[in-house]
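One structure is given here, and the rest of the page talks about it.
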Amino acid sequence: MSSHGKNLDFDNFVDEMQWRGFFEQCTNEVGLRKLLTEESVTAYIGFDPTADSLHVGSLLPIMGLVHLQKHGHRPIGIVGGGTAMVGDPSGKTELRQMLTLEKIEENLAGIREQLSHFIKFDEGGHEPGAGLLLNNADWLKDYGYIEFLRDVGRYFSVNQMLARDSVKSRMEKGLSFIEFNYMILQAYDFMVLNRDHGCRLQMGGNDQWGNICSGIDLCRRFNQSEVFGLTFPLLATATGAKMGKTADGAVWLDPKRTTPYDFYQYWVNVDDRDVSRFLRLYTLLSRKDIEELEKLEGADIRQAKKVLAREVTAQVHGREEANRSVKAAEALFSGKADTSSVPSSDRPAVDFEGNGLLLLEALVDCGLMKSKGEARRMIRQNAVRVEGEVVSDEMLSLTTSHIVEGKVALQVGKKRHHHIKVK
RNA sequence: GGGGGGGUUCCCGAGCGGUCAAAGGGAACAGACUGUAAAUCUGUCGUCAGUAGACUACGGAGGUUCGAAUCCUCCCCCCCCCA
């Protein structure tokens, strides 16, 4: 496939994926490379509609589709409205709670919106490389059981299914029949996409390997079509934590769930050892730029982290938000200047009059603390600051004297900030 | 359907009538040290109140006890073996 567009350091998709670290396993690398040079290939990745927002964990597959499209191929995103009703046993230790159809519909809309920041979708036109976003409920939900068994079930060997890692790993903990069927449904998705949209490649996390292989088998049997699979590594941070997890849970792409500032901070605070990997995986910077940044050592690595954070934030929230986050961080960590992007809340001026507002309560209200007990503990540990001053009195009340420039600046630990704006 | 083993605080995992808000580990958070990193050391880690108190917690519902996570009954869920 001829490469067009900007920033192409590699003349084919597979080379780029390998250099960037996306490439974990491929069902037939030689065959796939050949196919990709011969034609514009349609490939798909599935996303789970378990929430109305994607999170950092989904960023990796999203970037996979971005690179695919960049190389002139066509990405399809599948939102598993049908399969979400079943639950994938892969990588899980327990049965997932089931979602209602309505909830899934809602989630779908949110996800579609987010994906559209990354991928150029077909707006009813006929652009060759424009992506598609489909809901597998469209072809799964009205399929009759008997019919499905006869059409699809006949192609599956239980012996083979039992041999899959995703199933084996659940033999101890238990696996319900509904989950056992998941791989069949996913395989069926691949078959439908292959048949109806000419899809030849499925990508996904390495935990999807078994499901992808099942799909490939089904395509061969059902459509007599040769298709391929490519998996991405399952990322963990250098300290072994799951990617995109913090104390407060997942890092979301939705600014209402994770503010752009917190999102930016997540990336700035990445472990030194992860920076290079993440630059390759999560940014679209050129090979040259990334290799320059990888040369940095010691404290200078922070420069690379800032670039990483700025780039990823810009991709998710836009350049403008990214710049605001950069400024806010600089203001807070260097002690001055523009603080307009620091997370904040509003409070009427009367709250500070007279006896004022108990700091304990303010900390809980603004979300910095989960409970007053926790707030007390933090104060005891000298972790709380008001206007930069360490607080030692648990019973301190915030009064008008704490208001500086129309706000009260709260800080917990070194990194968590919140401004109460006085209205 | 029968027999056996289990369900404990964010996770793993002890406890098996009081001394249990529950050992130990992990994660997390804070302090020191630093580079908004890692490692290390120290502290914290149910809620409310505030030094000694109350409340809510050990799958669910009852019960026995002065007193239960610990004993009994019923129910739900999981694993293993047999049919």
Within the stretch A:394-418, residues touching a strand residue (DSSP E or B) at 6+ places or on another chain (Cβ under 7 Å) and more than 8 Å from RNA strand B (Cβ to nearest atom) come out as A:Ser397, A:Leu398, A:His402, A:Ile403, A:Gly406, A:Lys407, A:Val408, A:Ala409, A:Leu410, A:Gln411, A:His417, A:His418
Selection from the stretch A:183-201 of residues under 19 Å from A:Thr231 (Cα atoms) and open to solvent by 10 Å² or more (accessible area, probe 1.4 Å) yields A:Ile184, A:Leu185, A:Gln186, A:Tyr188, A:Asn194, A:Arg200
Scanning the stretch A:37-60 for residues that are within 15 Å of A:Thr83 (Cβ to Cβ) and either part of a helix (DSSP H, G or I) or among the acidic types (Asp, Glu) (or both) gives A:Asp48
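Do we have A:Gly388 as on the phi > 0 side of the Ramachandran plot and modelled with pLDDT of 90 or more here? Quick ask: steps written out before the conclusion?
Details: on the phi > 0 side of the Ramachandran plot: yes; modelled with pLDDT of 90 or more: no.
Criteria not met by A:Gly388.
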Exercise for the section: Determine if the stretch A:228-244 includes at least one residue that is modelled with pLDDT of 90 or more, open to solvent by 30 Å² or more (accessible area, probe 1.4 Å) and either more than 16 Å from RNA strand B (Cβ to nearest atom) or in contact with an Asp or Glu (Cβ under 8 Å, 6 or more places away or on another chain) (or both). Expected result: no
Here the residues within the stretch A:295-314 that are open to solvent by 60 Å² or more (accessible area, probe 1.4 Å) and touching a Leu at 6+ places or on another chain (Cβ under 9 Å) are A:Arg302, A:Gln303
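For the stretch A:264-295, which positions are farther than 20 Å from A:Pro233 by Cβ and within 9 Å of RNA strand B (Cβ to nearest atom)?
First, pick out the residues of the stretch A:264-295 that are farther than 20 Å from A:Pro233 by Cβ: A:264-265, A:268-269, A:286, A:288-289, A:291-293, A:295.
Residues satisfying the conditions are A:Tyr264, A:Gln265, A:Val268, A:Asn269.
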Flagged in the stretch A:206-234 as of a type in the set (Val, Ile, Thr) and over 15 Å from A:Tyr188 (Cα atoms), in numbering order, are A:Thr231
Inside the stretch A:266-284, the number of residues satisfying the requirement of being open to solvent by less than 20 Å² (accessible area, probe 1.4 Å) and either more than 17 Å from A:Phe118 (Cβ to Cβ) or not in a loop (DSSP other than H, G, I, E, B) (or both) is 8
When the stretch A:372-413 is checked residue by residue, the ones that are part of a helix (DSSP H, G or I) and either closer than 15 Å to A:Ser345 by Cβ or open to solvent by less than 50 Å² (accessible area, probe 1.4 Å) (or both) are A:Gly373, A:Glu374, A:Ala375, A:Met378, A:Ile379, A:His402
Across the stretch A:350-371, the tally of residues that are near RNA strand B (Cβ under 10 Å from one of its atoms) and exposed (fewer than 15 other Cβ atoms within 10 Å of the Cβ) stands at 2
- Query: Restricting attention to the stretch A:202-212, does a residue exist that is at pLDDT 95 or above and in contact with a helix residue (DSSP H, G or I) (Cβ under 7 Å, 6 or more places away or on another chain)?
  - Reply: yes
Within the stretch A:149-179, of all residues that are open to solvent by less than 30 Å² (accessible area, probe 1.4 Å) and outside any loop (DSSP other than H, G, I, E, B), the one modelled with the highest pLDDT is A:Gly153
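Which of the residues that make up the stretch A:206-227 are of a type outside the set (A, V, I, L, M, F, W, C) and either open to solvent by less than 20 Å² (accessible area, probe 1.4 Å) or touching a His at 6+ places or on another chain (Cβ under 6 Å) (or both)? Talk me through it step by step, then tell me what you get.
Within the stretch A:206-227, the subset of a type outside the set (A, V, I, L, M, F, W, C) is A:206-208, A:210-211, A:214-215, A:217, A:220-221, A:223-226.
Selection gives A:Gly210, A:Asn211, A:Ser214, A:Gly215.
The values are calculated or read from the model by the stated rules, or taken from the named source; none is laboratory data. Because the structure is predicted, anything quoted here is derived from the model rather than measured. Quick reminder, even Gly has a Cβ in these numbers, built from the backbone with ideal geometry, and neighbours come from all protein chains shown. Accessible surface is based on the protein model in full, side chains and every heavy atom, while ligands, DNA and RNA are left aside. Shrake-Rupley method; radii C 1.70, N 1.55, O 1.52, S 1.80 Å.
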